[in-house]
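The values are calculated or read from the model by the stated rules, or taken from the named source; none is laboratory data. All figures in this text were calculated on a predicted structure; none of them were measured in a lab. Here the Cβ is made from the backbone with ideal geometry for all residues, glycine too, and neighbour counts use every protein chain on show. We work out accessible area using only protein heavy atoms, side chains counted, and drop any ligands, DNA or RNA first. Shrake-Rupley method; radii C 1.70, N 1.55, O 1.52, S 1.80 Å.
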Amino acid sequence: MFTGITLDNEFSEKLKAAWDSGLFYLVAVSGGRDSMALLCFLHETGFKNLLVCHINHGLRGESSDADERLVREEAGRLGYEAVIRQVDVAGFVRAAKLSIEAAARILRYRAFAEIGREKDCRRIFLAHHADDRIETVLINLFRGTGARGLAGIEAETTRVIDGVELELIRPFLAVSREAIDAYISAKGVRFRDDESNTSDFALRNRIRNRLLPLLNEIFERDVRSAVLRAADLSALEDEWAVAAMGELPRKGEGGGLDVTIMRGLPAARRNRLLLFWLRESGVPDCGLSEVERAAAVLFSTASPSRASLPGGFHVRRREGILFIEPPGLPKEPV
């Protein structure tokens with residue numbers, strides 16, 4: 001049985017050694033078991049300067065409002081300020097022609113970036129855990145990803161959102177769902193269950209509810225530890241590759257790339273740089289297909305040139321610059 005790290009005093013000390021408990025942080029709290037456990041554990045560990053961020057997606061009616069109330073109550077009980085943002089996921093789905101999951105993720109991170117700018121804090125704790133990473137690795141595997149995708153979620157990474165460079169921190173990434181449940185039970189942590197997690201409408205739910213149990217049955221053991229070992233090895237390989245590929249050839253404002261320089265690079269290095277650039281720009285679910293689309297725009301003879309990317313993003317080329325157009329912007333003629 002895979003158990004991961006236990007949420008105990010030893011882990012508290014490791015957490016404080018990794019991240020200074022005296023600094024000011026945002027912490028994303030949905031009201032679910034994972035984020036409520038994270039909030040309580042950070043408080044117990046001694047992180048006093050936290051701003052609790054709750055994004056109400058407005059998708060579940062009274063249930064969404066009840067989540068918001070719980071987060072407000074618990075933040076107040078622990079002595080933290082809570083900042084609430086309400087976002088129109090349904091409207092964004094229609095406008096940008098995205099899935100509910102993709103639209104919610106984009107709006108959620110935009111809200112975090114907005115709060116970070118307002119509060120002058122660029123560090124945010126997120127409650128992703130080991131099982132989330134395992135599910136991500138499996139999703140990426142069957143999308144035909146390379147080493148970076150097989151590494152899954154990173155414990156600490158930087159992402160630029162609407163011009164805000166956010167440091168995303170995931171202290172629970174080696175902690176299993178069972179360990180979180182044990183902590184919640186032992187500490188009496190209040191949380192709310194999202195009933196949609198038990199349905200199979202979303203790919204991640206199907207991985208969790210159907211694929212992983214089937215893999216365990218086929219291999220006659222819990223496969224999660226093996227998936228994590230493979231992810232760790234892939235992360236080391238990717239770290240070496242990123243260090244070897246050099247700097248991105250920036251041009252212009254907004255993080256665009258110099259078309260002339262990119263065209264002159266060897267294909268392997270160019271594709272690695274494009275993949276890194278797409279992910280850095282916040283484009284979700286990137287792999288070989290998305291790199292090929294970006295490369296096609298890079299080498300296209302049409303002017304201007306544009307291609308669609310996951311999450312409603314577009315890659316464009318204009319005046320010698322390759323750049324990313326975020327979702328929700330009016331489209332220029334091609």
Filtering segment 43-79 down to residues that are surrounded by 20 or more Cβ atoms within 10 Å (Cβ to Cβ) and more than 24 Å from the chain's Cα centre (by Cα) yields GLU74
If we scan segment 224-233, do we find a residue that is open to solvent by less than 60 Å² (accessible area, probe 1.4 Å), touching a Phe, Trp or Tyr at 6+ places or on another chain (Cβ under 6 Å) and touching a residue at least 60 places away in the same chain (Cβ under 8 Å)? yes
Checked against (1) among the basic types (Lys, Arg); (2) within 24 Å of ASP194 (Cβ to Cβ); (3) part of a loop (DSSP other than H, G, I, E, B), ARG94 satisfies every condition except (3)
**Message:** When you check PHE142 against the structure, is it more than 15 Å from the chain's Cα centre (by Cα), buried (at least 16 other Cβ atoms within 10 Å of the Cβ), modelled with pLDDT under 95 and of a type in the set (Phe, Trp, Tyr), yes or no?
**Reply:** no
Of the residues in segment 141-195, those that are assigned to a strand (DSSP E or B) and farther than 25 Å from ASN56 by Cα come to VAL175
Screening SER63, SER35 for residues that are in contact with a strand residue (DSSP E or B) (Cβ under 7 Å, 6 or more places away or on another chain) and either within 17 Å of PHE191 (Cα to Cα) or of a type in the set (Val, Ile, Thr) (or both) leaves only SER35
Counted residues in segment 68-80 being basic (Lys, Arg) and either under 17 Å from ILE184 (Cα atoms) or touching a residue at least 24 places away in the same chain (Cβ under 8 Å) (or both) come to 1
Within segment 224-253, the count of residues that are more than 21 Å from the chain's Cα centre (by Cα) and farther than 19 Å from GLY146 by Cβ comes to 8
Over segment 184-218, the set of residues free of Cβ contacts under 8 Å to residues at least 24 places away in the same chain, among the hydrophobic types (A, V, I, L, M, F, W, C) and under 19 Å from ILE139 (Cα atoms) is PHE201, LEU214, LEU215, ILE218
Scanning segment 301-323 residue by residue, those under 20 Å from the mean Cα position of the chain (by Cα) and over 18 Å from ARG270 (Cβ atoms) turn out to be PRO310, GLY311, GLY312, PHE313, HIS314
ask   = Can we say ARG110 is open to solvent by 20 Å² or more (accessible area, probe 1.4 Å) and at pLDDT below 85?
value = no
If we ask which residues in segment 81-119 are touching a residue at least 40 places away in the same chain (Cβ under 8 Å) and among the hydroxyl-bearing types (Ser, Thr, Tyr), their number turns out to be 1
Within segment 107-124, residues of a type in the set (A, V, I, L, M, F, W, C) and more than 19 Å from PRO284 (Cβ to Cβ) come out as ILE115, CYS121
Among SER225, SER234, the single one that is among the hydroxyl-bearing types (Ser, Thr, Tyr) and within 30 Å of ALA113 (Cα to Cα) is SER234
When segment 1-59 is checked residue by residue, the ones that are closer than 29 Å to PRO213 by Cα and of a type in the set (Ser, Thr, Tyr) are THR3, THR6, SER30, SER35
